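Reviewing the structure listed below.
The values are calculated or read from the model by the stated rules, or taken from the named source; none is laboratory data. Here the structure is a predicted model, which means the values were calculated and not measured. Please note: Cβ atoms are built from the backbone with ideal geometry, for glycine as well, and neighbour counts cover all protein chains shown. Side chains are part of the model used for accessible areas, which takes the heavy atoms of the whole protein and leaves out ligands, DNA and RNA. Shrake-Rupley method; radii C 1.70, N 1.55, O 1.52, S 1.80 Å.
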Amino acid sequence: MVKVLEYSITHFCEHILKLHLQKAENIGGELYGASIPIEGENVDAYHFYLFFPEEILKKFADVLVSNHKFKEDNWCDLSKECANQIIGYAKNLFNDGRGKGVYKLGIPEYLGRVDFSKIVLDEALSYELDGYFFRIGFIKI
């Protein structure tokens, strides 16, 4: 599970956005959060959580959206779209290994600005991008 998530993050950030990541250990502060489930019949279900500072979302927006002047609602949409892209790709990789359509992607939820330390994850990966840090992890349901 962790290897698939790791590859999905790399695919989105490095292959699509062409932004170089480095693994990180500890991150903190107030971050924008999004969550999205992956579920299916007769398979484990997972709830993924993604936490990004505004600076990283701005870097994503610079690549994805030209001439952006974002307001709070736009950070909501961008956070959910990142969840769709990263976790949706992971879902496709899971299905490639288990058979078509086993896992289904749920609807992303915007968590707002959150203190992610209050959400206990089973596994998490942290990354650094140009001096800013983000974390993506999951809880097995």
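At-a-glance table
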read-out: Under 16 Å from the His15 label point (7 Å along Cα→beta-carbon), backbone N, the range 122-139; value: none
read-out: FRET efficiency estimate (nearest 0.05) - Cβ-Cβ, Lys104 to Glu30, R0 35 angstrom; value: 0.65
read-out: Accessible area (Å², per residue) of the range 22-122, counting only protein heavy atoms and a probe of 1.4 Å; value: 57 Å²
read-out: Percent carbon-and-sulfur accessible area, the chain, ignoring ligands, DNA and RNA, probe 1.4 Å; value: 46 percent
read-out: Tail weight of P(r) past 17 Å, computed on alpha-carbon pairs of the chain, percent; value: 58 percent
read-out: Sum of side-chain charges, Gly106 neighbourhood, beta-carbon under 10 Å (Lys, Arg +1; Asp, Glu -1); value: 0
read-out: Gyration tensor verdict on the range 90-141 (Cα atoms; rounded if a/c is under 1.5, prolate if a/b is larger than b/c, oblate otherwise); value: prolate
read-out: Flagged links, alpha-carbon separation over 27 Å, of Lys59/Lys104; Lys80/Lys140; Lys69/Lys91; Lys23/Lys71; Lys3/Lys80; value: Lys59/Lys104; Lys69/Lys91; Lys23/Lys71
read-out: Most positive-pole-ward Cα, Pro53, Tyr103, Leu64, against dipole of the chain from beta carbon charges; value: Tyr103
read-out: Electrostatic dipole magnitude of the chain [Cβ: Lys, Arg +1; Asp, Glu -1; Cα centre; debye, to 20]; value: 280 debye
read-out: Radius 15 Å from Cβ of Ser66, net charge of other residues (Lys, Arg +1; Asp, Glu -1); value: +2
read-out: C-alpha center-to-center spacing [the range 18-34, the range 57-117] in angstrom; value: 14 Å
read-out: Gained length - Lys69 relative to Arg113, 0.36 nm times residue gap less alpha-carbon distance; value: 14.0 nm
read-out: Dipole in debye (nearest 20) - the range 1-47, about Cα centre, beta carbon charges: Lys, Arg +1; Asp, Glu -1; value: 260 debye
